[in-house]
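The values are calculated or read from the model by the stated rules, or taken from the named source; none is laboratory data. Note that the structure is predicted; figures quoted are calculated from it, not measured. Neighbour counts are summed over all protein chains in view; Cβ atoms, including those assigned to glycine, are modelled from backbone coordinates with ideal geometry. Please note that ligands, DNA and RNA were not included when accessible areas were found on the heavy atoms of the full protein model with its side chains. Shrake-Rupley method; radii C 1.70, N 1.55, O 1.52, S 1.80 Å.
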Amino acid sequence: MTTAGPDPAGDLAFIPLGGTGEIGMNLNVYRCDGKLLAIDCGIGFGGPENPEIEVMVPDPVWLAERRDRLVGLVITHAHEDHVGAVAHLWPMLRCPIYAGPFVTAVLRRKLGEAGLLGEAKIITVPLGGRLTLPNFDLEFLRVAHSVPEAQAVAIRTRHGIVVHTGDWKLDPEPLIGEPTDEAAFARLGEEGVLAMVCDSTNALVEGHSGSEAEVRRNLTAIIRSLKGRVAVSCFATNVARVESITRAAMAAGRQVALFGRSLRNAEAAARECGYLRDIPPYVPEEEAGFIPDDNLLLICTGSQGEPRSALAKIGADTHPQIALGEGDTVIFSSRMIPGNERGILLLQDQLARRGCKVMTADDHMVHVSGHPARDELKRLYQLVRPKYAVPVHGEWRHLSEHAALAKDLQAIPVLVEDGDVLQLAPGRPDVVEGVPTGRLAVDNGRLLPITGGVLAARKRMLFNGVVMASFAVDEAGRVLGTPQVSAPGLLDGDDHIGAQLAADLARAVGDLPSGLRREDDALREAARSVLRKAIGRRLRKRPNVEVHLLRV
Ligand SMILES: [Zn+2]
Ligand SMILES: [Zn+2]
């Protein structure tokens, strides 16, 4: 592993710094003759293994150390796992950002919230446009996905063409924007493609992902048949879905209100880019409650069970503006992102307990994936005919299944992990070195190493609690009064073990050699060690121990 030192000039390499593991966080780097190009910069969620962390970003240290060679950051589409980390990491990269109009509209809001709008430069590239950067000639290709204006990037270099697909699917009726530009992919195939770096999310799914148009038809029929209040939850940036739900509601004589900040942000970005043109303004949250039940539909955030979302508040009956109950219906027009299952099922259970009917994609066709199933992958390989296939965007089983499929389609698969430097040219592709990668937790605007002291301490506190002891000593180190020991999360205030620990502490300090008792640091450390042992003996736990010493 090297953190510095020269990069070999005269090659073309693909370096994933995030996006080939179980957690989203796409950050892809291409290196051509010493220059670097970054594609996407997304967040991931802590998940059940990291309950002390809500949001994570890739550690950009390797890239930041080479930012003088970084020619730009390209964003393929407006999903959080591709754009969510830009506002967190840009201060370390400080390079120009290139993106389509919808990404620009979404990103400007995020950079504005982070106070970076004046500093970070976004260059808006027209859809399907071209862009020449030092050593990289980029062509954007329109692809259908579950967000407006997703694009793949064809990277032309003197070593050959790499097609970076980003997230995509084939949908003849994506409802917003054009279908995937298959003709453009076919043209690249004619030109000759060295490698395709491609979406693996649904590599285990047979057949076709299905069309947004089918979802629109089904939602229209379902919503027309319902009585009472109806709430539908979906991803905020799926503008086609939001429009489908809105039209289905209007066709059923219902007015529509958006519940949740991310939905209102996405609506604003969509309208800014000319979408939702003939959709009337949404009913404000505070007015929704006055509309008769049979004439109201809510579109809500919270399809992943996010605790602070609108739907979570409705489920807990703590929403200040609206309540759902007996006779009402909640439709989850979404899939469960792995890791979120528990939260989602808990929310669905709460809603059912209130008397709501809960409908999901398990028993009704109210959602299609934005990622290619196997038939779509096959089609793209047949069009592009890359020499080498590099599966990304998935867990290992998705990547390896994708690799097997690519092999069947005459591409030579190469599997990589985050931090691998995959040299694509000259010569046969090979992982030639590893670079440091990692994850940083976003903690109230600060970035903390996942394995660092603060988060390790928080995790230990979560499972083993924390013990705080205060005691006063005189100049000679004799304990004055009774030490105070508290252990929130471990002991109740009146627990007799607290008093026992205090007595253990007083006794042990009294037994220390008098020289040691005169030194504050030594006395504190000795007290901590005494407490650790006493807690281990009495509670069989290894909590964080904090000692406050007062010398009077
Ligand atoms: Zn993605
Ligand atoms: Zn996506």
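Each residue in the range 121-144 was checked for being open to solvent by 20 Å² or more (accessible area, probe 1.4 Å) and over 26 Å from Met92 (Cβ atoms), and 7 pass.
Where helices (runs of 4 or more DSSP H) fall wholly inside the range 32-143, the ranges with 3 or more residues that are within 16 Å of ligand 2 (Cβ to nearest atom) are 80-83, 101-113.
Output the residue which, of all residues in the range 272-312 that are part of a helix (DSSP H, G or I), in contact with a helix residue (DSSP H, G or I) (Cβ under 9 Å, 6 or more places away or on another chain) and not hydrophobic (A, V, I, L, M, F, W, C), is surrounded by the most Cβ atoms within 10 Å (Cβ to Cβ). Within the range 272-312, the match that is surrounded by the most Cβ atoms within 10 Å (Cβ to Cβ) is Glu285.
Here's the yes/no breakdown for (1) without any contact (Cβ under 8 Å) to a residue 12 or more places away in the chain; (2) farther than 15 Å from Val547 by Cα:
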{"position": "Leu480", "(1), (2)": "no, yes"}
{"position": "Ser486", "(1), (2)": "no, no"}
{"position": "Leu490", "(1), (2)": "no, yes"}
{"position": "Asp495", "(1), (2)": "yes, yes"}
{"position": "Ala502", "(1), (2)": "no, no"}
{"position": "Ala506", "(1), (2)": "no, no"}
{"position": "Gly510", "(1), (2)": "no, yes"}
{"position": "Asp520", "(1), (2)": "no, no"}
{"position": "Ala527", "(1), (2)": "no, no"}
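Among the residues of the range 176-220, the ones that are outside any loop (DSSP other than H, G, I, E, B) and either away from ligand 2 (no atom under 16 Å from the Cβ) or closer than 15 Å to Val242 by Cα (or both) come to 21 in all.
Applying the condition of being in contact (Cβ under 8 Å) with a residue 60 or more places away in the chain and in contact with a Pro (Cβ under 8 Å, 6 or more places away or on another chain) to the range 65-88 and asking which residue is most open to solvent (accessible area, probe 1.4 Å) yields Val71. Among the residues of the range 134-160, those that are touching a Pro at 6+ places or on another chain (Cβ under 9 Å), farther than 20 Å from Asn202 by Cα and more than 16 Å from ligand 1 (Cβ to nearest atom) comprise Phe140, His159.
For the range 65-110, a residue qualifies if it is within 17 Å of the chain's Cα centre (by Cα) and away from ligand 1 (no atom under 16 Å from the Cβ), and the qualifying residues are Ala87, His88, Leu89, Trp90, Lys110. Asn28 satisfies every condition listed in (1) within 14 Å of the chain's Cα centre (by Cα); (2) of a type in the set (S, T, N, Q); (3) within 16 Å of ligand 1 (Cβ to nearest atom) except (1).
If you go through the range 146-162 and keep only what is touching a residue at least 60 places away in the same chain (Cβ under 8 Å) and either within 11 Å of ligand 2 (Cβ to nearest atom) or part of a strand (DSSP E or B) (or both), you end up with Ser146, Val147, Ala150, Gln151, Ala152, Val153, Ile155, Thr157, Gly160, Val162. All of (1) farther than 23 Å from Asp199 by Cα; (2) of a type outside the set (S, T, N, Q); (3) not assigned by the TED database to the domain that holds Ile43 hold for Gly339 with one exception: (1).
Applying the criterion of being acidic (Asp, Glu) and in contact with a Lys or Arg (Cβ under 9 Å, 6 or more places away or on another chain) to the residues of the range 20-57, the residue that is modelled with the highest pLDDT is Asp33. You will find that of Ala154, Ala184, the residue that is within 31 Å of the chain's Cα centre (by Cα) and either closer than 23 Å to Asp81 by Cβ or among the polar types (S, T, N, Q) (or both) is Ala154 and no other.
For the range 221-244, a tally of residues being open to solvent by less than 40 Å² (accessible area, probe 1.4 Å), outside any loop (DSSP other than H, G, I, E, B) and more than 22 Å from Ser309 (Cα to Cα) returns 2.
Number of residues in the range 245-259 that are part of a loop (DSSP other than H, G, I, E, B) and either closer than 16 Å to Ile331 by Cα or charged (D, E, K, R) (or both) equals 2.
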